[in-house]
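Below is one structure, written out as structure tokens; the observations come after it.
None of the figures in this text is laboratory data; all of them are computed from the coordinates on show. Just so you know, these numbers come straight off a predicted model, no measurement behind them. Cβ placement follows ideal geometry from the backbone for every residue including glycine, while neighbour counts extend to all protein chains displayed.
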Ligand code: C2E
Ligand code: MG
Ligand code: MG
Ligand code: MG
């Protein structure tokens, strides 16, 4: 009796696993096709200086609409791309396209910092530094206008090798940020050793400020830490004026979030650049 139930459970779990595997394989296949068919797009979310209200940069975010499955979010396909290693090719495309777009804006007199998300698998590829270096060499973008967003998971793998890579990127003139700061496992001691320029406070700590006292305390602590270490600090996921005011008062430098704008297609980004010069554009 017990044995039977055990077998039943087993086949249930196996069935679940097969469904998951099938979905993963389907998405993997569709992603590869999407890259060749140029179905991936980048959208750009404005980053705003809290004190002046001016636009300072943009974060490039991947979008993908599959003809059959429809729009898939990065949360649905990036983990699969990381698992299969496809993220190396996809991330390479993201870097190239973000640099191309950024260079185009620069030649139009729009000087922004372009932030690009880099996954751990991509960062630890043997030729990652070389590919960044080649892309910058082949473009007219000032290297200081490119920022790579790294997660704490990148920084805790193989510390010595990571440090060499970070130094090499900084030597190219590229800027480095830690994304989703506070959600990972990185030790504060690394912050001192790594040549990082900016911390991004994770949206989960911003969402419920100022009402949630713990989140308010964490956000304030990250801001103070960044200031003490001479790093810039940006808050993610700012959706209302109360959050913005709290962050401004706490000494945060910059913000990103729906309060200003979601990520936009390049054609929608330009009008926003023009509009944002107004001090009251955010109110
Ligand atoms: P992330 O890098 O932390 O990006 C911020 C995410 O928060 C984006 O979601 C953005 O659309 C969303 N967001 C921004 N402001 C707000 C807000 O005010 N409210 C809310 N609710 N959400 C906001 P998205 O585009 O779905 O991307 C999710 C994650 O997928 C990213 O988190 C990043 O980890 C990953 N990702 C996206 N594009 C790329 C890429 O090109 N390469 C890699 N490796 N990862 C990427
Ligand atoms: Mg990011
Ligand atoms: Mg983030
Ligand atoms: Mg985040």
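Some points to look at:
- Quotient of C-alpha Rg and 2.2 N^0.38 Å, computed over the chain: 1.10
- Shown for 248, 231: other C-beta atoms within 10 Å of each C-beta, ranked fewest to most, produce the order 248, 231.
- Pairwise Cα separations in region 61-108 fall into 10 Å bins from 0 onward with the following percentages, short to long: 23, 43, 26, 8.
- Where both bridge residues fall in the chain, DSSP classifies roughly 40% of the beta bridges as antiparallel.
- Prolate/oblate/rounded call for region 96-224, Cα gyration tensor, a/c under 1.5 rounded: oblate
- For region 183-283, the Kirkwood radius over C-alpha pairs fed into Stokes-Einstein at 10 °C and 1.306 mPa s yields D = 108 µm² per second.
- Proxy reagent accessibility, fewest Cβ within 10 Å first, across 149, 160, 83: 160, 83, 149
- Arranged from fewest to most other beta-carbon atoms within 10 Å of their beta carbon, 255, 128 become 128, 255.
- Remark: relative contact order (the chain) = 18 percent; criterion is Cα-Cα distance under 8 angstrom and separation of 6 or more residues.
- Here the contact order of region 47-141, divided by its residue count and restricted to Cα pairs under 8 Å and six or more residues apart, works out to 31 percent.
- Axis of helix 159-172 versus longest Cα principal axis of the chain: the two differ by about 40°, to the nearest ten degrees.
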